[in-house]
Amino acid sequence: MFNLDGRYADGEGVERGNAEEVRQYRTAADAGDAAAMCGLGRRYEEGRGVKQDDAEAVRWYRTAADAGVADAMFRLGERYANGRGVERDARGCPLVPQGR
């Protein structure tokens, strides 16, 4: 999946932001590819190939973060810090120590 992500990010031999791009990510994400889950979250965050949807971006970021993807953890933390797609709450951020 990493190679596919790089190709779509750079537009290398593929058209960026279309339904086929999203289909590729969704297929890989549904098969358990955590990097694809994060990539799909980015598509929803940016509205690339799908209607922009903060809540759906959070759902995919959370799934990828639970699978250990550092970029997804960071992006999910940003969402909680800024209240995009979730209620603003640092306690929900996986990178903020709980109990503070």
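The values are calculated or read from the model by the stated rules, or taken from the named source; none is laboratory data. Just so it is clear, the structure is predicted and the values come from calculations on it, not from any experiment. As a convention, Cβ positions derive from the backbone with ideal geometry for all residues, glycine included, and neighbour counts pool all protein chains shown.
Let's see how each residue does on (1) surrounded by fewer than 22 Cβ atoms within 10 Å (Cβ to Cβ); (2) among the aromatic types (Phe, Trp, Tyr):
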site	(1), (2)
GLU46	yes, no
TRP60	no, yes
ALA72	no, no
GLU78	yes, no
ALA81	yes, no
ARG84	yes, no
ARG88	yes, no
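State yes or no: is ALA31 hydrophobic (A, V, I, L, M, F, W, C), modelled with pLDDT under 90, surrounded by fewer than 21 Cβ atoms within 10 Å (Cβ to Cβ) and over 13 Å from the mean Cα position of the chain (by Cα)?
Working: hydrophobic (A, V, I, L, M, F, W, C): yes; modelled with pLDDT under 90: no; surrounded by fewer than 21 Cβ atoms within 10 Å (Cβ to Cβ): yes; over 13 Å from the mean Cα position of the chain (by Cα): yes.
So ALA31 does not fit the description; no.
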